[in-house]
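The values are calculated or read from the model by the stated rules, or taken from the named source; none is laboratory data. Keep in mind that this is a model prediction, so the values were computed, not measured. Glycine gets a Cβ as well: all are built from the backbone with ideal geometry, and neighbour counts include every protein chain shown.
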Amino acid sequence: MSLPIEDYALISDCFTGALVGKDGSIDWLCFPRYDSRSMFGALLGTEDHGRWLVAPTDASATSTRHYEEDTMILVTRWRTTEGEVEVVDAMPMGDHRADIVRRVRGVSGRVHMRQDLRIRFGYADAMPWVRQDKTDRPHSLIAVAGPDAIVVRGSQLHPANHAHQGEFTVRAGEIVDLTMTWFPSHRDAPVALDVDTALQNTREWWTGWAKGCAHEGPYRSEVVRSLLILRALSHLETGGIVAAATTSLPEAFGGERNWDYRYVWLRDASLTIGVLLSHGYNDYVDHWRDWLLRAIAGDPGDVQIMYGLAGERYLGERTIDSLPGYQGAHPVRVGNDASNQFQADVIGAVMLGLDHGRRAGNTETRFSWALQRALMGYLEAHWREPDHGIWEIRDHPQQFTHSRALVWAAFDCAIRGVEQYGLDGPVERWKRERDAIRADIEANGWDPHRGTYVQHYGTTEVDASLLQLAQVGYVSADDPRMLGTVRALEEDLLKDGLLLRYRTESGVDGLPPGEHPFLACSFWLVEQYATSGRKEDAVRLMDRLVSLANDVGMLSEEYDVDGRSHAGNTPQALTHLTLVRAADAIAGIPLWPSS
């Protein structure tokens, strides 16, 4: 059975990532991209669905782990009755290969280690043909199935019941390097990796990137780690930013709220660009803007809410029967049908991200501004239509208040582009649309009896996404309407001090009720507290939230307060970027955009 979600740590080469468990097993890996088919799928099943275990043979061995400085290099120290070893897990940077390094270094005494390698390509649907290459040194094993192949080098492995296993002993000062390299099966296996050079280059790449972080104030270590995770989820070449490294980790254990998050949501990517810009990474807006131009080129009416890492449009959702699901949570989904939904807020998020880029000094190109004008034209024609909202409901579309506020923000950004940055556009017409949207929200999205904004027109339900109304400048954080909305959220959606997205019992999403607090919503609440004069409440909630991170600073999508465990896909970009924003708010760092 797979480990608790919080027992995994991510290693990454900014193309894909692997999840390494506290037990020394890599239980999730998709090569060569995050959204490729898995070759290790034990996370969504058992060891027989693919894994690579490197751990002491001593069943009583204990371990601690950490990331090496400000990197994505994971160091696990094992202690046994006979000695100690460190296992250094990394995905090398900068060589345009698809490698994993597992360096075993003796610290004291001697430790008997074992490997258990189970290769299952294609979401555990393809058992590979495996052969030993006796001409290669060190010992190497090559596995092939369809388009995929890997070569594993290091300590010798022997076949055993559809697995490959081996043992070796490491003494103080000794090093045993284990490597795995993915390559297209129609090519020859790449040459052996120079592990010393690869680890040093990887260390320098990550620490050099982290040094660019501009953040002074409380929670600096959590901010830097979150930014590193966001960078790890960003494709080094295309500029796409995945929402999470995994698919189908359940929001409700044993339930069907299991989604594939290994794609680029325009909303999440735009927000990620915002926090990267806020912390000194100005070059990212151009890289991401180029990705955006490629992904949504053509008719604005064809804009999707999400794409593949290189801008692929077809993300058709299907279930994978070859993987039984995380601790039995079925179905396992690949692809995401939400890509076909209309979510009116997404264009607002894109416009906010690009507006932030202009504020940071990035200049528009003729094509990038033309794209934004085209998006505004699409919004002018469609903003009055009901949509599926930020939470991607799978029932009837609604006129969500949050969506309307983000549409208002889109027009606000476009107007600012003309008035403050000298860009061309029908500013007076945009102002009329912006005023009409505000009037519509105030008439239909406000509950005067309770004194709160509502989830969607025609309901008295509230929604945590309403906290974004202050963030995007629709109202100020201390406006009485916003304060009334916060009171309603606290009354209706707090669960053991953490915030739910909305009441699933209302049936708005068309799914069975029940889920755990959504961590990004609680970080939004921290930001709201901090910017409305409730600094002590902000710090108290922030301390609680950062304490929920696992031992290496990772957070997933949700938190099970009863089971005290992570839930949902991990690591979650939205969770980590809202952590950064919350820390900035507590530190008094100006947030964007201002109203």
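Only one of the numbered conditions (1) in the same structural domain as residue 12 (by TED's automatic domain parsing); (2) over 23 Å from residue 98 (Cβ atoms); (3) of a type in the set (S, T, N, Q); (4) outside any strand (DSSP E or B) is not met by residue 165, and that is (4). Applying the condition of being modelled with pLDDT of 95 or more and of a type in the set (A, V, I, L, M) to the range 1-18 and asking which residue is farthest from residue 44 (Cα to Cα) yields 11.
Going by what's in this entry, would residue 579 be described as more than 30 Å from residue 12 (Cβ to Cβ), of a type outside the set (Val, Ile, Thr) and in contact (Cβ under 8 Å) with a residue 12 or more places away in the chain? In short, no.
Limited to the range 378-400, what total is found for residues that are loosely packed, with under 15 Cβ neighbours inside 10 Å and out of contact with any helix residue (DSSP H, G or I) (no Cβ under 9 Å at 6 or more places or on another chain)? Residues in the range 378-400 being loosely packed, with under 15 Cβ neighbours inside 10 Å and out of contact with any helix residue (DSSP H, G or I) (no Cβ under 9 Å at 6 or more places or on another chain): 3 in total.
In this structure, is residue 220 under 19 Å from residue 570 (Cβ atoms) and either outside the structural domain of residue 571 (by TED's automatic domain parsing) or of a type in the set (Lys, Arg) (or both)? Taking the combined requirement at face value, the residue does not satisfy it. The residues of the range 481-496 that are assigned to a helix (DSSP H, G or I), more than 13 Å from residue 518 (Cβ to Cβ) and in contact (Cβ under 8 Å) with a residue 24 or more places away in the chain, listed by number, are 481, 482, 483, 484, 485, 486, 487, 488, 492. Given the criteria more than 18 Å from residue 243 (Cβ to Cβ) and either outside any loop (DSSP other than H, G, I, E, B) or small (Gly, Ala, Ser) (or both), does residue 562 qualify? Spelling it out, it is not the case that residue 562 is more than 18 Å from residue 243 (Cβ to Cβ) and either outside any loop (DSSP other than H, G, I, E, B) or small (Gly, Ala, Ser) (or both). Against the test of being touching a residue at least 24 places away in the same chain (Cβ under 8 Å) and under 22 Å from residue 554 (Cβ atoms), the options 93, 113 yield a single qualifying residue, 93. Of the candidates 511, 467, the single residue that is aliphatic (A, V, I, L, M), assigned by TED's automatic domain parsing to the domain that holds residue 254, in contact (Cβ under 8 Å) with a residue 60 or more places away in the chain and farther than 16 Å from residue 525 by Cα is 511. Scanning the range 496-521 for residues that are surrounded by 14 or more Cβ atoms within 10 Å (Cβ to Cβ) and out of contact with any helix residue (DSSP H, G or I) (no Cβ under 8 Å at 6 or more places or on another chain) yields 504, 508, 509, 516, 517. Every condition in (1) within 28 Å of the chain's Cα centre (by Cα); (2) in a helix (DSSP H, G or I) is met by residue 417 except one, and the failing one is (1). Restricted to strands (runs of 3 or more DSSP E) entirely inside the range 19-60, those with at least 1 residues that are of a type in the set (Ser, Thr, Tyr) are 25-30, 38-40. Applying the condition of being within 22 Å of residue 337 (Cβ to Cβ) and either in contact with a Pro (Cβ under 6 Å, 6 or more places away or on another chain) or of a type in the set (Phe, Trp, Tyr) (or both) to the range 258-296 and asking which residue is surrounded by the fewest Cβ atoms within 10 Å (Cβ to Cβ) yields 258. Do the conditions hold for residue 542, that is, is it hydrophobic (A, V, I, L, M, F, W, C), at pLDDT 95 or above and in a helix (DSSP H, G or I)? Spelling it out, residue 542 is indeed hydrophobic (A, V, I, L, M, F, W, C), at pLDDT 95 or above and in a helix (DSSP H, G or I). Every condition in (1) over 25 Å from residue 577 (Cα atoms); (2) modelled with pLDDT of 95 or more is met by residue 335 except one, and the failing one is (1). Of all residues in the range 85-134, those that are at pLDDT below 95, over 24 Å from residue 160 (Cβ atoms) and among the small types (Gly, Ala, Ser) total 1. What is the number of the single condition among (1) surrounded by fewer than 21 Cβ atoms within 10 Å (Cβ to Cβ); (2) in contact with a helix residue (DSSP H, G or I) (Cβ under 7 Å, 6 or more places away or on another chain) that residue 205 does not meet? All conditions are met except number (2).
Taking first residues from the range 142-171 that are among the acidic types (Asp, Glu) and partners that are part of a strand (DSSP E or B) and surrounded by 18 or more Cβ atoms within 10 Å (Cβ to Cβ), the Cβ contacts under 8 Å between residues at least 6 apart in sequence or on separate chains come to 148/39; 148/126; 148/182; 167/113; 167/115. Being in a helix (DSSP H, G or I), of a type in the set (Phe, Trp, Tyr), in the same structural domain as residue 306 (by TED's automatic domain parsing) and surrounded by 24 or more Cβ atoms within 10 Å (Cβ to Cβ) is the requirement here; does residue 367 meet it? So residue 367 fails the test. In the condition set (1) under 22 Å from the mean Cα position of the chain (by Cα); (2) without any contact (Cβ under 8 Å) to a residue 60 or more places away in the chain, residue 62 is compliant with all but (1). Taking the listed residues 18, 42, 59, the one that is surrounded by 24 or more Cβ atoms within 10 Å (Cβ to Cβ), farther than 17 Å from residue 91 by Cβ and not assigned by TED's automatic domain parsing to the domain that holds residue 249 is 42, with no other qualifying. Every condition in (1) crowded, with 18+ Cβ neighbours inside 10 Å; (2) within 21 Å of the chain's Cα centre (by Cα) is met by residue 344 except one, and the failing one is (2).
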